[in-house]
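Here, each number is a calculation from the coordinates, and none is a lab measurement. Worth saying up front: this structure is predicted, and the values here are computed from it rather than measured. Glycine gets a Cβ as well: all are built from the backbone with ideal geometry, and neighbour counts include every protein chain shown.
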Amino acid sequence: MSIKLHFRLLFALLLAILGIVVAVFFISLSWEASSRALFGGIVGFVLVIGMFQYVIPARCPKCGQRARLELKGTYKYQCSACDHVHDTGISAEAD
Ligand SMILES: [Zn+2]
């Protein structure tokens, strides 16, 4: 999977999970449902991030090997084989 698609898909999924959790918070007035949604959301985040880091890796544009997402100032993908770094240019830190 290309880095661009990998990054977009990862964020789309995380936003979808966040959206579901927020929706349950607003729709349901029960504390139990809200706390379950929050727990499910956290588990979902961990699963999605883990899946995108290890199961569906992005491919290095230079050599086609596995590139891992790193959070160092900006979101970067670093290749495990040739050390090529692809910077998405998007800041990981909220200002
Ligand atoms: Zn590479």
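Max-minus-min Cα coordinates of the chain on each principal axis give 51, 31, 17 Å, with the largest extent listed first. Projecting label points 7 angstrom from Cα along Cα→Cβ for Leu71 and Phe45 puts them 0.8 nm apart. Each peptide in 45-53, 28-36 gets a packing score, the mean of other Cβ atoms within 10 Å over its residues, and the list from highest to lowest is 45-53, 28-36.
Which value, in Å to one decimal place, does the Kirkwood hydrodynamic radius take for region 42-95 when every pair of different Cα atoms is included? Final number for the Kirkwood radius of region 42-95 is 11.8 Å. Residues whose amide H lies under 5 Å from that of His84, counting only those 5 or more places away or on a different chain, are Cys79; hydrogens are built 1.01 Å from N in the peptide plane. Computed from Cα positions, the angle between helix 31-50 and the longest principal axis of the chain comes to roughly 10 degrees.
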